[in-house]
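This report concerns only the one structure given below.
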Amino acid sequence: MLRITIREDGKVCRFELAGRLEGPWVAETEKAWRGTLRPDQKIEIDLRQLTGVDGAGRDLLAAIHLSGACLIVEGVWLTALIGELNSEQRCGTSVLQPSGKKLRPKPRFTKLESSK
């Protein structure tokens, strides 16, 4: 199951995808994306609530990314997925927009030595 929410605000159109981008939902997402393409409009795809992607979904994300859309991601899995899409592109620049969520610093541990 996939929920697609589209919010248009002037020259920005944001898609929020929640659930699994797979099977018939890939075609629905592509249809919605292509239906909003305009030369003067910026596209943002919020993937933070995505829980899974099949091969066709991955191909669609690559096409959307290649078209210049900003992909909003969060977490290791989605960041790695977008990293793979970027590494497959031989030309152009990558567009990756972080979620804006501030990360807490990692705790620092010191190594304790035991005397035996």
| task | Go through the stretch 1-64 and tell me which strands (runs of 3 or more DSSP E), entirely inside it, have 3 or more residues that are under 22 Å from G83 (Cβ atoms) and within 13 Å of the chain's Cα centre (by Cα). | result | 12-21, 42-53
| said: For the stretch 46-61, check the following and say yes or no: at least one residue is surrounded by 15 or more Cβ atoms within 10 Å (Cβ to Cβ), in contact with an Asp or Glu (Cβ under 8 Å, 6 or more places away or on another chain) and β-branched (V, I, T). | reply: yes
| When only residues in the stretch 68-93 that are over 13 Å from D46 (Cα atoms), open to solvent by less than 70 Å² (accessible area, probe 1.4 Å) and not hydrophobic (A, V, I, L, M, F, W, C) count, which is modelled with the highest pLDDT? | G68
| request: May I ask you to list the residues in the stretch 23-45 that are at pLDDT 90 or above and either crowded, with 18+ Cβ neighbours inside 10 Å or touching a Phe, Trp or Tyr at 6+ places or on another chain (Cβ under 9 Å) (or both)? | output: W25, V26, T29, A32, W33, I43, E44, I45
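The values are calculated or read from the model by the stated rules, or taken from the named source; none is laboratory data. From a predicted model like this one, the values you see are computed outputs, not experimental measurements. Virtual Cβ from ideal backbone geometry, glycine too; neighbours counted across all protein chains shown. Ligands, DNA and RNA are excluded from the accessible area calculation, which covers all protein heavy atoms including side chains. Shrake-Rupley method; radii C 1.70, N 1.55, O 1.52, S 1.80 Å.
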